[in-house]
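In what follows, a structure is listed as structure tokens, so that the remarks can point back to it.
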Amino acid sequence: MEEKQVSDQTITSVSRESRVFKPSAEFKGQANLGSFETYRKLYAESVNAPDKFWAKQANAQLVWRKPFKQVLQWKPPFAKWFVGGKLNVSENCLDRHLGTARENKAAIIFEGEPGDVRTITYRQLYFHVCRFAHVLENMGVKPGDRIAIYMPMIPEAVIAMLACARVGAVHTVVFGGFSPEALKDRINDCKAKVVITADGGWRRGKIVELKANVDKALEGAPTVQSVLVVKRTAQDINMVEGRDTWWREAWQGAPNFHDAKAFDSEHPLFILYTSGSTGKPKGVLHTSAGYLLGAKLSSQYVFDLKDSDRYFCTADIGWITGHSYVVYGLLSNGSTVFLYEGAPNQPEPDRFWQMIDRHGITILYTAPTAIRAFMRWGDAYVLRHRLDSLRLLGSVGEPINPEAWMWYHKMIGKKKCPIVDTWWQTETGSIMITPIPGVTPTKPGSATLPFFGVAPKVVDNAGKEVPRNSGGKLAITKPWPSMLRTLWGDDERFKKAYFSEFPEHPDYYFTGDGARQDKDGYFWIVGRIDDVLNVSGHRIGTAEVESALVSHPFVAEAAAVGRPDELKGQSLVVFVTLKAGHEPTDELKEVLRSHVGKEIGSLAKPDQVRFAAGLPKTRSGKIMRRLLKELATSGEIKGDTTTLEDFSVIAALKSDDE
Ligand code: PRX
């Protein structure tokens with residue numbers, strides 16, 4: 001169906017997918033954005049006169065305490081949006097709905113993995129957040145302080161984020177699947193003062209021991225003064241006197257109302273760590289007004305939000321999708337968000353479909369890797385349910401293969417729900433390339449066209465736009481409000497990672513992705529072209545896995561590469577050379593897999609460990625991952641080996657092939 005090939009030197013993208021799905025008259029008739037012509041017109045305005053477009057949107061969409069004086073101050077690579085303005089992000093998600101028809105509307109409908117259900121209205125959510133804002137202030141939290149959130153997908157996680165925003169503290173949410181080591185590194189990088197966690201969370205019927213992990217992490221994280229603990233799973237945990245407080249106890253007696261202070265448009269809102277091409281995760285910094293505007297506006301149009309919607313995004317709040325499209329984008333729009341704590345196959349592989357029917361979910365936003373898992377589990381699990389409440393489907397995290405797109409379209413969407421394949425990144429803050437439902441004709445596997453204000457180009461190494469249908473690097477050529485502002489504490493790395501790929505265009509943002517534009521201008525994302533893998537929709541830096549491996553005392557050297565995987569998109573294969581005196585055994589393979597799990601988290605555990613006598617290197621000593629990738633994928637090495645230093649290494653690797 002579709003062929004794609006990416007190598008270190010060239011990007012080729014050949015796709016034979018030619019089906020086009022026009023929006024149905026029914027969906028079109030009720031869509032928030034009237035027609036394709038309106039999209040074209042608004043899009044042209046947004047990129048031709050961005051200051052005017054964004055000023056209008058910012059005034060219409062956000063509640064300001066002090067108006068901004070200047071829309072954009074752009075000194076590449078540093079952008080300031082809505083300069084001089086002041087607002088409070090939590091007020092924009094909560095207070096604005098009080099006294100409106102949304103006050104008693106459900107903000108969050110929560111279902112825990114064991115089946116417990118809670119509904120929290122906007123008014124109740126406001127009270128929760130106000131009380132928790134007092135808790136934080138009473139603990140001495142000041143604007144700009146960093147707070148780590150390490151929680152299951154429960155309403156308190158959302159409350160914690162919004163309370164941080166309310167008092168001007170900068171949250172850094174660490175996905176609950178990360179190990180104590182990874183949590184510690186993130187806490188230390190941003191010098192967090194407080195950790196908010198839970199005793200545990202439910203996953204596949206078992207408890208994820210979050211508090212125990214926090215205890216381990218804090219052995220090496222001296223900046224943390226206090227830990228707040230939500231009781232969720234109620235097993236025995238260790239509470240450290242003077243440091244740890246139960247959420248409930250801290251909460252008692254705190255007032256229901258809280259005067260939110262106004263913060264500068266550029267006040268830091270959160271740091272979210274993501275993998276890059278070096279071993280150290282990058283602390284992507286997002287600020288207040290621009291981020292919120294991007295998240296809010298895109299939610300409105302991409303999900304075609306209506307007041308009657310019940311929206312379910314399956315991403316964890318530990319990822320950017322959870323930040324923008326569970327919390328900020330949806331709550332600022334006054335939508336009802338459905339939150340699910342656990343695994344999609346607990347107790348059976350039809351959990352999502354059952355919940356969609358039971359709660360009347362209208363919009364589902366999930367990832368291709370999940371769709372492929374559902375396909376594998378079998379249609380019978382889907383066909384037990386009606387799914388007639390659904391009206392719109394979304395996909396995010398990796399290119400969706402046309403087979404999975406068609407299955408999603410037929411089996412889940414019953415051929416009537418538009419699919420929005422949304423391309424974006426942790427760094428972009430909000431959706432960048434996407435169909436507008438009811439408006440944009442879709443092609444399975446293409447994220448289609450840019451969202452308002454987004455100016456992407458497929459370019460060559462010099463930053464020059466390549467002809468239609470040729471592969472190239474995906475660059476964003478103009479700043480946009482929800483773009484990252486820097487990497488926490490490392491402006492130099494920020495500049496190097498994102499704004500130095502095209503020296504002739506120091507204002508072009510480099511996405512790290514390869515892409516192609518077809519004859520209609522539609523974007524087809526090929527995938528990462530740097531040393532970052534996409535395993536089950538999660539970004540994993542090869543260097544991070546390699547440094548975890550070499551931290552094991554038996555390992556001399558390691559190289560991690562991705563291999564196409566039907567279910568996960570890519571699977572992780574590592575090549576390891578051992579220090580003298582250690583034998584390559586199957587047992588050691590398992591030990592090394594667990595070691596990576598311990599260092600980073602089980603999401604980064606290699607699928608395959610291969611021992612090698614030596615790794616292929618260039619004369620300057622760089623590991624030639626390209627050759628290893630080829631070997632892991634096809635079992636052969638046919639690519640260019642002229643820069644290889646020692647040919648015998650390849651022969652040995654091949655003879656070692658499994
Ligand atoms: O390679 C692209 C892929 O995911 C990367 C961003 O990963 P992350 O920052 O973890 O954010 C994921 C959720 C926004 C991108 O560089 N990616 C994301 N969405 C798509 C995609 N690739 C193709 N199509 C998409 N819709």
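On inspection, W247 fails the criterion of being closer than 26 Å to R118 by Cα, at pLDDT below 95 and of a type in the set (A, V, I, L, M, F, W, C). Among the conditions (1) crowded, with 19+ Cβ neighbours inside 10 Å; (2) assigned to a helix (DSSP H, G or I), the only one that A221 does not satisfy is (2). Please enumerate the residues belonging to region 564-603 that are part of a helix (DSSP H, G or I) and hydrophobic (A, V, I, L, M, F, W, C). Those that are part of a helix (DSSP H, G or I) and hydrophobic (A, V, I, L, M, F, W, C): L588, V591, L592, V596, L603.
One residue is enough: does region 407-423 have a residue meeting the conditions of a type in the set (F, W, Y), within 16 Å of the ligand (Cβ to nearest atom) and in contact (Cβ under 8 Å) with a residue 12 or more places away in the chain? Yes, because at least one residue in region 407-423 is of a type in the set (F, W, Y), within 16 Å of the ligand (Cβ to nearest atom) and in contact (Cβ under 8 Å) with a residue 12 or more places away in the chain. Confirm whether K464 is free of Cβ contacts under 8 Å to residues at least 12 places away in the same chain, closer than 30 Å to N188 by Cβ and either surrounded by fewer than 21 Cβ atoms within 10 Å (Cβ to Cβ) or in contact with a Phe, Trp or Tyr (Cβ under 7 Å, 6 or more places away or on another chain) (or both). Here the answer is no, as K464 does not meet what is asked. Where strands (runs of 3 or more DSSP E) sit wholly within region 270-369, those with at least 1 residues that are open to solvent by 10 Å² or more (accessible area, probe 1.4 Å) and of a type in the set (A, V, I, L, M) occupy 282-287.
The residues of region 631-658 that are under 15 Å from V609 (Cα atoms) and either at pLDDT 80 or above or aliphatic (A, V, I, L, M) (or both), listed by number, are L631, A632, T633, G635, L653. Of the residues making up region 51-68, at least one is more than 18 Å from F263 (Cα to Cα), touching a Pro at 6+ places or on another chain (Cβ under 8 Å) and modelled with pLDDT of 95 or more.
Per-residue answers, yes or no, for (1) open to solvent by less than 30 Å² (accessible area, probe 1.4 Å); (2) at pLDDT below 95; (3) more than 28 Å from the chain's Cα centre (by Cα):
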{"position": "V573", "(1), (2), (3)": "yes, no, no"}
{"position": "T577", "(1), (2), (3)": "yes, yes, yes"}
{"position": "E587", "(1), (2), (3)": "no, no, yes"}
{"position": "G601", "(1), (2), (3)": "yes, yes, no"}
{"position": "P606", "(1), (2), (3)": "yes, no, no"}
{"position": "M624", "(1), (2), (3)": "yes, yes, yes"}
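Output the residues belonging to region 476-523 that are under 29 Å from D185 (Cβ atoms) and among the charged types (D, E, K, R). Within region 476-523, R485, D490, D491, E492, R493, K495, K496, E501, D513 meet the criteria. Within region 478-519, the set of residues being touching a helix residue (DSSP H, G or I) at 6+ places or on another chain (Cβ under 7 Å), open to solvent by less than 50 Å² (accessible area, probe 1.4 Å) and away from the ligand (no atom under 15 Å from the Cβ) comprises P481, T486. As for region 177-191, it holds at least one residue that is under 20 Å from the mean Cα position of the chain (by Cα) and part of a loop (DSSP other than H, G, I, E, B). Would you mind stating whether V458 is at pLDDT 95 or above, within 16 Å of the ligand (Cβ to nearest atom) and either of a type in the set (D, E, K, R) or not in a loop (DSSP other than H, G, I, E, B) (or both)? Yes. When D236 is tested against (1) closer than 29 Å to L484 by Cα; (2) out of contact with any Lys or Arg (no Cβ under 7 Å at 6 or more places or on another chain); (3) among the acidic types (D, E), just one condition goes unmet, and that condition is (1).
How many residues are within 13 Å of the ligand (Cβ to nearest atom), in a loop (DSSP other than H, G, I, E, B) and under 23 Å from the mean Cα position of the chain (by Cα) when one looks only at region 424-448? Adding up the residues that qualify gives 15.
Scanning region 388-398 finds one or more residues that are within 16 Å of the ligand (Cβ to nearest atom) and modelled with pLDDT under 95. Residues in region 299-351 that are polar (S, T, N, Q), touching a strand residue (DSSP E or B) at 6+ places or on another chain (Cβ under 6 Å) and within 21 Å of T100 (Cβ to Cβ): S335, T336.
Residue by residue, here is whether (1) more than 27 Å from the chain's Cα centre (by Cα); (2) loosely packed, with under 15 Cβ neighbours inside 10 Å; (3) more than 24 Å from V129 (Cα to Cα) holds:
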position: A79; (1), (2), (3): no, no, yes
position: L87; (1), (2), (3): no, no, no
position: C93; (1), (2), (3): no, no, no
position: L98; (1), (2), (3): yes, yes, no
position: E111; (1), (2), (3): no, no, no
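Looking at the structure I just gave you, is T366 polar (S, T, N, Q) and within 11 Å of the ligand (Cβ to nearest atom)? Considered against the rule, which asks whether it is polar (S, T, N, Q) and within 11 Å of the ligand (Cβ to nearest atom), T366 comes out as no. Consider region 370-395. How many of its residues are open to solvent by 10 Å² or more (accessible area, probe 1.4 Å) and among the hydroxyl-bearing types (S, T, Y)? Here the count works out to 2. Cβ-Cβ contacts under 8 Å between residues 6 or more apart (or on different chains), taken from a first residue in region 567-591 that is farther than 16 Å from V545 by Cβ to a second residue that is open to solvent by 80 Å² or more (accessible area, probe 1.4 Å), are listed as L567/R376; K579/P553. Could you tell me which of the residues S275, S265 is out of contact with any His (no Cβ under 6 Å at 6 or more places or on another chain) and within 16 Å of the ligand (Cβ to nearest atom)? S275 is the lone residue from the list that is out of contact with any His (no Cβ under 6 Å at 6 or more places or on another chain) and within 16 Å of the ligand (Cβ to nearest atom). From the residues in region 618-646 that are part of a helix (DSSP H, G or I) and without any contact (Cβ under 8 Å) to a residue 12 or more places away in the chain, which one is farthest from G562 (Cα to Cα)? So the residue we want is S634. When region 617-632 is filtered for residues that are over 25 Å from T274 (Cβ atoms) and touching a Lys or Arg at 6+ places or on another chain (Cβ under 9 Å), the ones remaining, listed by number, are M624, E630, L631. It is to be established whether one or more residues within region 503-525 are among the β-branched types (V, I, T) and over 28 Å from S288 (Cβ atoms). Taking every residue of region 503-525 in turn, at least one turns out to be among the β-branched types (V, I, T) and over 28 Å from S288 (Cβ atoms). Only one entry of T442, T434 meets the criterion of being open to solvent by 10 Å² or more (accessible area, probe 1.4 Å) and of a type outside the set (A, V, I, L, M), and that entry is T442.
Checked against the criterion of being open to solvent by 10 Å² or more (accessible area, probe 1.4 Å) and either under 26 Å from A217 (Cβ atoms) or touching an Asp or Glu at 6+ places or on another chain (Cβ under 7 Å) (or both), the candidates D116, D145 yield just one match: D145. Applying the set (1) at pLDDT 95 or above; (2) away from the ligand (no atom under 14 Å from the Cβ) to E403 leaves exactly one unmet item: (1).
The values are calculated or read from the model by the stated rules, or taken from the named source; none is laboratory data. Only a predicted model underlies this, so the values are computations on that prediction, with no experimental measurement involved. For neighbour counting, all protein chains shown are included, and Cβ atoms are generated from backbone atoms with ideal geometry for every residue, glycine included. When the accessible area is computed, the model is the full protein with side chains, heavy atoms only, and any ligands, DNA or RNA have been set aside. Shrake-Rupley method; radii C 1.70, N 1.55, O 1.52, S 1.80 Å.
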